Amino acid sequence: MKYIELIGRIFYSLIFLMTVMSHFSAETIGYAELKGVPVPSVLVSLSGIIAMVGAISIILGYKTKLGALLITIFLLPVTLSMHAYWNETDPMQMQMQMINFMKNISILGAAFFIAYFGAGPLSLDQRVAK
């Protein structure tokens, strides 16, 4: 059973690691600009770095609570600015943004659990504590 937390941390973090490179693409920066993100070339890249560091921290179980905080810092503004479904006029776009909004809220909830409970037994945090 001790492997469950490790597998959970890996699965949880994959979404951030799989998308991190897109934070440096012209398409993603352009999309953020369309959504009204100020200085998108800086903030989108910075958000990618924050998400990547948070995800790696959670996977390794090293400074896991800080990693969860970084994921929270990433998710809050992204969720509210990029997935503001209430601003959409097209019903299809509204539905898609609401799905992404709720997905991010769910992921944010898991970040709160990680921030509270930590990494578990198979982690660098646990090894350092011994």
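Restricting the first member to the range 91-104 and to residues that are at pLDDT 95 or above and of a type in the set (Phe, Trp, Tyr), and the second to residues that are surrounded by 13 or more Cβ atoms within 10 Å (Cβ to Cβ) and assigned to a helix (DSSP H, G or I), the beta-carbon pairs closer than 8 Å and six or more apart or on different chains are PHE101/THR79; PHE101/TYR85.
Against the test of being free of Cβ contacts under 8 Å to residues at least 60 places away in the same chain, on the phi < 0 side of the Ramachandran plot and under 17 Å from the mean Cα position of the chain (by Cα), the options ALA110, ALA32 yield a single qualifying residue, ALA32. For the range 79-130, a residue qualifies if it is among the hydrophobic types (A, V, I, L, M, F, W, C), closer than 29 Å to GLY61 by Cβ and part of a loop (DSSP other than H, G, I, E, B), and the qualifying residues are ALA119, LEU122.
Test SER57 against the criterion of being free of Cβ contacts under 8 Å to residues at least 24 places away in the same chain, within 21 Å of GLY109 (Cβ to Cβ) and either of a type in the set (Asp, Glu) or buried (at least 22 other Cβ atoms within 10 Å of the Cβ) (or both), and give yes or no. When the stated conditions are applied, SER57 passes them. The set of residues in the range 36-50 being in contact with a helix residue (DSSP H, G or I) (Cβ under 9 Å, 6 or more places away or on another chain) and either exposed (fewer than 13 other Cβ atoms within 10 Å of the Cβ) or among the polar types (S, T, N, Q) (or both) consists of GLY36, SER41, SER45, SER47. With respect to (1) crowded, with 18+ Cβ neighbours inside 10 Å; (2) farther than 20 Å from ILE105 by Cα; (3) at pLDDT 95 or above; (4) not hydrophobic (A, V, I, L, M, F, W, C), the lone exception for GLU27 is condition (1). LEU124 satisfies every condition listed in (1) farther than 19 Å from TYR3 by Cα; (2) in contact with a Leu (Cβ under 8 Å, 6 or more places away or on another chain) except (1). Among the residues of the range 71-101, those that are within 14 Å of ILE15 (Cβ to Cβ) and either touching a Gly at 6+ places or on another chain (Cβ under 9 Å) or of a type in the set (Gly, Ala, Ser) (or both) comprise ILE71, PHE74.
The values are calculated or read from the model by the stated rules, or taken from the named source; none is laboratory data. The structure displayed is predicted, hence computed values, not measured ones. Don't worry about glycine lacking a Cβ; one is built from the backbone with ideal geometry, like all the others, and counts go over all protein chains shown.
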